[in-house]
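So the structure is just underneath, and the comments pick up after that.
Taken together, the values in this text are just the output of simple stated rules run on the coordinates, not laboratory data. Please read all numbers here as calculations on a predicted model, not as lab measurements. Every residue, glycine as well, gets a Cβ built from its backbone with ideal geometry; the counts of neighbours run over all protein chains shown.
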Amino acid sequence: MNELGACRVLVTGADTTARVISECFLAAGARVFACDVRRDAVDALCAAHPAMDAVVADVSVEDDVTRLVAAAESHMGGIDALINVVGVAGPAKPVEEITLHEWRSTFAVNTDGVFLTARAVAPGMKARRQGSIINISTASTRTLPVNRSPYISSKAAVEGLTRALARELGPHNVRVNAILPGGINGERMRGIFHRMAEERGISDAQFAEEALKHVSMRTLIEPAEIADMALFLCSDRARHITGQLIAVDGHSEWEQ
């Protein structure tokens, strides 16, 4: 498969879903540059895929993003696509118990990181009159689970920024979209199910069955499905798709 030819892609994140996305783009013929705050994740990705390069960077830190984008552009000769995957869950508690530091820390990664990276890649994309920016949001902006106000608000801001940038950058042939995943089948989701099952005094399998009753297709989402949507949105087949918030969630009806 060589769907993307010589497309040069910057992916924020080097572990879990971000790693799967990087691997899928590499398999599709793209050149990939990634980043992560964790050195071990960066080293593991590069060791597994010598054709890929990655650096340690914190997307919430302006200087780190400047250095990251400069390194990616130098290594690949430019950036045709930006995939913003990095995010944090933030605190899960009533609003009156959330500290300002917790609120700002969640926004720093989830929202500021998207702004900083998009701002950094925009000049090059505009100059080349081509580009695709994909921001990973969440289906939780639609289901609105309780006690998750920092996370939901920060991701809702990402969706607003996505639509604003689509309008701003559209005349320069740069497309901007967001993917809204449902529950992703992985270590993090299994940990959440285990913790909530313990609180309820039931088995992990019982809790998973209850939770998935509120997903129309009754399944979790595989990371590769998010990667497949990102691949499509970066391809010429999606050349007139921009400003869209696209759920890949099996139709999440409700969240606890």
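Toward the positive end of the charge dipole of the range 87-179, with +1 on the Cβ of Lys and Arg and -1 on the Cβ of Asp and Glu, the farthest Cα among Tyr151, Thr138, Val95 is that of Thr138.
Other residues whose C-beta falls under 10 angstrom from the C-beta of Gly250 contribute a net charge of -2, scoring Lys and Arg +1 and Asp and Glu -1. The aspartates and glutamates within cross-link reach of Lys155, meaning a Cα-to-Cα straight distance under 19 Å and a gap of 8 or more places when in the same chain, are Asp58, Glu102, Asp112, Asp249, Glu253, Glu255. Taking 1 over the mean of 1/r across every pair of different Cα atoms in the range 192-256, what Kirkwood radius in Å do you get? The answer is 13.9 Å.
When the P(r) of the range 91-195 is calculated, the portion above 19 Å amounts to 52% of the C-alpha pairs.
The loop-placed trypsin sites (Lys or Arg not before Pro) in the range 109-149, going by DSSP, that have at most 10 neighbouring Cβ atoms within 10 Å of their Cβ come out as Arg129.
Rounded to the nearest 20, the Cβ-based charge dipole of the chain about its Cα centre (Lys and Arg +1, Asp and Glu -1) stands at 820 debye.
At full extension, Asp63 and Phe232 could sit 57.7 nm farther apart than now, given 0.36 nm per residue minus the alpha carbon distance. When only Cα pairs below 8 angstrom with a gap of at least 6 residues are kept, the chain shows a relative contact order of 19 percent. The equivalent ellipsoid of the range 27-115 has semi-axes of 29, 14, 11 Å, largest first, where each one is the square root of 5 times an eigenvalue of the Cα gyration tensor.
Evaluating kT/(6 pi eta Rh) at 4 °C and 1.567 mPa s, with the Kirkwood radius of the chain over Cα pairs in the Stokes-Einstein relation, gives 70 µm² s⁻¹. Remark: the Glu187-Ser74 segment gains 37.3 nm on full extension, using 0.36 nm per residue and subtracting the alpha carbon distance. Just from its helices, what would the mean residue ellipticity at 222 nm be for the chain, if runs of 4 or more DSSP H residues each count -39500 (n - 2.57) and the sum is divided by every residue, rounded to the nearest 500 deg cm²/dmol? When only DSSP H runs of four or more count, the value is -14500 deg cm²/dmol. Toward the positive end of the charge dipole of the chain, with +1 on the Cβ of Lys and Arg and -1 on the Cβ of Asp and Glu, the farthest Cα among Gln244, Leu26, Val215 is that of Gln244.
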